[in-house]
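So the structure is just underneath, and the comments pick up after that.
The values are calculated or read from the model by the stated rules, or taken from the named source; none is laboratory data. These numbers were taken from a predicted model, which means no experiment stands behind them. Here Cβ is always computed from backbone atoms with ideal geometry, including for glycine, and neighbour counts include all displayed protein chains. SASA here: full protein model, heavy atoms, side chains in, ligands and nucleic acids out. Shrake-Rupley method; radii C 1.70, N 1.55, O 1.52, S 1.80 Å.
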Amino acid sequence: GSFAVPIKGEAANSVDIDPLVMQSYKSLMCFLTSWLVVLLGQEVTFTWWGLVSGLFWVPGGAFNIFAIRNAGLAISQGIVASSIVMVSFIWGNIIFAEPAKSQMAAYTAVWLIMAGLYGMSYYSTAQQAVNEEIMNASDHGNNVMDDDDEDEEGLVNERGDEFDNDLHSLTQPLEITSQKQPPMRGKKTIVVCGRTYSRRNLGLLSALMCGTWGGSCLVPMHYSKGDTNGLGYVISFSTGAMVVTICLWILRYTYQVIKLKSLREAYTTLPSFHFRVMWLPGATAGSLWSLGNVGSIVAVEHLGQGVGYSASQAALLISGFWGIFYFKEVTKPATIGKWFLSAFVAIAGILLLGYESSPVGPGRR
């Protein structure tokens, strides 16, 4: 529940980190830390199903990063967690036919989750509207500051290296263009393929995409055989994630080559890794997520997709604490209380779903 904090931290904000860049840090740390399972006595095993998991997780992770940075930590993780529960329920209880004590109670749990999601979205959006009004009132005083920011960025650019190629980074997250764009920090809209959209609305949509697509990232483990289950799947998962991440960079570069008809100009459109600024936040986010992922894999192995992965989404409460009390995304006490009431409704649904679903146990998936 804490892995997203560095994604929205001061370091990431200072460079307006690209979602794929941040996801690359996560994928790298996931790969490096996965080998620690060897210290637990786990033999090195590999299954190609890990690559399929990577196809689900890496794009979903990039969507999640964009959601966190544009819609807010509390609301985005509420949407992600709740939609993952829905996807896991469909896979576990409907497709895999994992046993449930009562189908009626299981569906009631799903409706509780949906109600909790709606509450978190509503109360977070209400506070966001107030915050945007305050920001609009102060926009006139920001023009001079923006000019100063551009001057400071120019000084930073002069000290860049191969990991900090700010001079060559012409595009911003989701902006596909060959023309140089101004820094997006503080802007409430974003241009996607020539059309302007609200950053918050795109963030909410990205959170939903993360949950619905990325929520299937551990489903391939259901088809892995023998000693590639459980902890034996960790290395396969991380290897697949690393391969998919590299492939996404190749696709991004190839697209620009085709569009610009120049290898050099295509390279200049790639975003900076900001290594000097982001190595520690990126490593922290990736390590925290990797640790939680190991727990999720073990949970799915012993409890099944419907229960195990659903129960792990209780991390949304931790994300809520960070979003509300650290990042001050919601400030009114009454609104905070209603948000947490909604969160507890969603968590009650998760717990009820776990209670009503019979554990499948190792080897019975």
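Label zone (I95, point 7 Å along Cα-to-C-beta; backbone nitrogen cut-off 20 Å) within region 295-319: 296-313. The dipole here belongs to region 180-294: it is taken about the Cα centre, uses +1 on the Cβ of Lys and Arg and -1 on the Cβ of Asp and Glu, and is about 780 debye. Distance between the C-alpha centres of region 35-96 and region 273-300: 12 Å, rounded to the whole angstrom. Convert each backbone phi in region 88-97 into a coupling constant with the Karplus relation 6.51 cos²θ - 1.76 cosθ + 1.60 (shift: θ = phi - 60°), then list the ³J(HN,Hα) values in order as whole Hz, x for Gly and Pro. Here the 3J(HN,Hα) series is 5, 5, 4, 5, x, 8, 9, 7, 7, 6 Hz. Rounded to the nearest 20 debye, the dipole size of region 224-358 about its Cα centre is 640 debye, using +1 on the Cβ of Lys and Arg and -1 on the Cβ of Asp and Glu. Averaging the sequence gap over all C-alpha pairs within less than 8 Å and six or more residues apart, then dividing by the number of residues, gives region 211-365 a relative contact order of 25 percent. Ordering of 253-261, 13-21, 232-240 by packing is 232-240, 13-21, 253-261, highest average first (other Cβ atoms within 10 Å, averaged per residue). The simple Förster model, with R0 at 22 Å and r as the Cβ-Cβ distance, assigns Y253 and V192 a FRET efficiency of 0.70. Peptide packing: for 102-109, 27-34, the average count of neighbouring Cβ atoms within 10 Å per residue gives the ranking 27-34, 102-109, highest mean first.
Carbon and sulfur: what percent of region 1-54's accessible surface (1.4 Å probe)? Carbon and sulfur: 70 percent of the exposed surface of region 1-54. Cross-link reach is defined here as a Cα-Cα straight distance under 17 Å, omitting same-chain residues fewer than 8 places apart; for K8 the lysines meeting it are K26, K187, K188, K328.
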